[in-house]
Amino acid sequence: MTLPRSVTPNPSPEADSLLQFLYSISGKQTLTGQHCNPLVGSTRLEGVHKLTGYFPAVFGQDFGFSAPGTWDGINFRQQIVDEAIRCHREGHIITLMWHAVRPTEDEPVVFEESIQGKLSEEEWLGLFEAGSQVHERWKSQVDVIAFFLKQLREAGVPVLWRPYHEMNGGWFWWGRKTDYKKLYRMLFDRLVNFHKLNNLLWVFNANEMRLGVDSYDRYYPGDDVVDILATDVYSNKFSSKDYKSLLALAGNKPIALGEVGNIPTPRLLRRQPRWTWFMYWHDPSLLWKERKEVTAAYQSRETIHRDELPWVKPPIR
């Protein structure tokens, strides 16, 4: 039997092993996950532990975009990398994203004005023209993030990389763009072929479909640049339509819940067993009213918490 391979040429051994593991649990179990914001660092992992008695398997972070010291401050990037390395050594799986600023301005920015801003048609087309001001600024922005991703490569940390997410909705500058596929592939080329980042597993991460949100396939950049397909679920209560649509596009590739506003129940995961991980987006302190249910989800056979990962040594009792 031919083992699945990453879309990255000559992937790092760690990235290759992680991808094999995701394939091995696909349809059987789902990794628990928690998103952490730049300002709070990895403290939410401890919050999950206090809530449930377990650490999540997946540690998520965002490279940020805002003024130093604020919630999404760009000054926290080195701390994020350092914590990702430490969390990896503790057994966690790392997933990273980046709310990229518009390639017409420099960091830091205000979320509503830049990330949720717009590009003119001329600016958008210029983004793909080598040598244009917009394209050169885009490259410099990507290169900053590549600097941090390279530190993770050198530390042997594989990363579930979720670039330009929720592209099938219109709330980000890259959203609902006819040439979105071109943008994704341009980033892939810059990070993989130019920067030689072979520790990334590429996640095509859309948003649950609803009124004003397009189908997944409309923006899918191709099997040759996607390792894993994911969707974010906040309002549709894990619709079977979303699940089946993503599966139809994914084929044999793993699928995941890139961001969730609610912890999926064991019953839901039995109905939708192909989710390989979920990542709760909010602060775990908001789940105390549902503590019993969330703890049950972490304890269930359908999920995997950090200490159940095969490479994590059992805690000393």
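For (1) open to solvent by 10 Å² or more (accessible area, probe 1.4 Å); (2) in a helix (DSSP H, G or I); (3) without any contact (Cβ under 8 Å) to a residue 60 or more places away in the chain; (4) touching a Pro at 6+ places or on another chain (Cβ under 9 Å), each residue gets a yes or a no:
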residue: 110; (1), (2), (3), (4): yes, no, yes, no
residue: 122; (1), (2), (3), (4): yes, yes, yes, no
residue: 125; (1), (2), (3), (4): yes, yes, yes, no
residue: 145; (1), (2), (3), (4): no, yes, no, no
residue: 161; (1), (2), (3), (4): no, no, no, no
residue: 184; (1), (2), (3), (4): no, yes, yes, yes
residue: 201; (1), (2), (3), (4): no, no, no, yes
residue: 204; (1), (2), (3), (4): no, no, yes, yes
In region 76-85, the residues that are open to solvent by 40 Å² or more (accessible area, probe 1.4 Å) and in contact (Cβ under 8 Å) with a residue 12 or more places away in the chain:
78, 79
I need the strands (runs of 3 or more DSSP E) fully contained in region 1-106, keeping only those with at least 2 residues that are at pLDDT 95 or above and touching a Cys at 6+ places or on another chain (Cβ under 8 Å).
58-62
Taking region 147-159 and the residues there that are among the aliphatic types (A, V, I, L, M) and in a loop (DSSP other than H, G, I, E, B), the one that is most open to solvent (accessible area, probe 1.4 Å) would be 155
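From 91, 60, 73, grab the single residue that is of a type in the set (Gly, Ala, Ser), free of Cβ contacts under 8 Å to residues at least 60 places away in the same chain and either under 23 Å from residue 187 (Cα atoms) or open to solvent by less than 20 Å² (accessible area, probe 1.4 Å) (or both).
So the residue among 91, 60, 73 that is of a type in the set (Gly, Ala, Ser), free of Cβ contacts under 8 Å to residues at least 60 places away in the same chain and either under 23 Å from residue 187 (Cα atoms) or open to solvent by less than 20 Å² (accessible area, probe 1.4 Å) (or both) is 73.
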Reported set for region 134-143 where residues are out of contact with any Lys or Arg (no Cβ under 8 Å at 6 or more places or on another chain) and either under 30 Å from residue 215 (Cα atoms) or open to solvent by less than 10 Å² (accessible area, probe 1.4 Å) (or both) is 134, 135, 138, 141
Answer yes or no: is there a residue in region 168-177 that is open to solvent by less than 20 Å² (accessible area, probe 1.4 Å) and in contact with a strand residue (DSSP E or B) (Cβ under 7 Å, 6 or more places away or on another chain).
yes
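The values are calculated or read from the model by the stated rules, or taken from the named source; none is laboratory data. From a predicted model like this one, the values you see are computed outputs, not experimental measurements. Heads up, the Cβs are rebuilt from the backbone with ideal geometry, glycines too, and the neighbour counts pull from every protein chain shown. The area values use the complete protein model at the heavy-atom level, side chains included, leaving out ligands, DNA and RNA. Shrake-Rupley method; radii C 1.70, N 1.55, O 1.52, S 1.80 Å.
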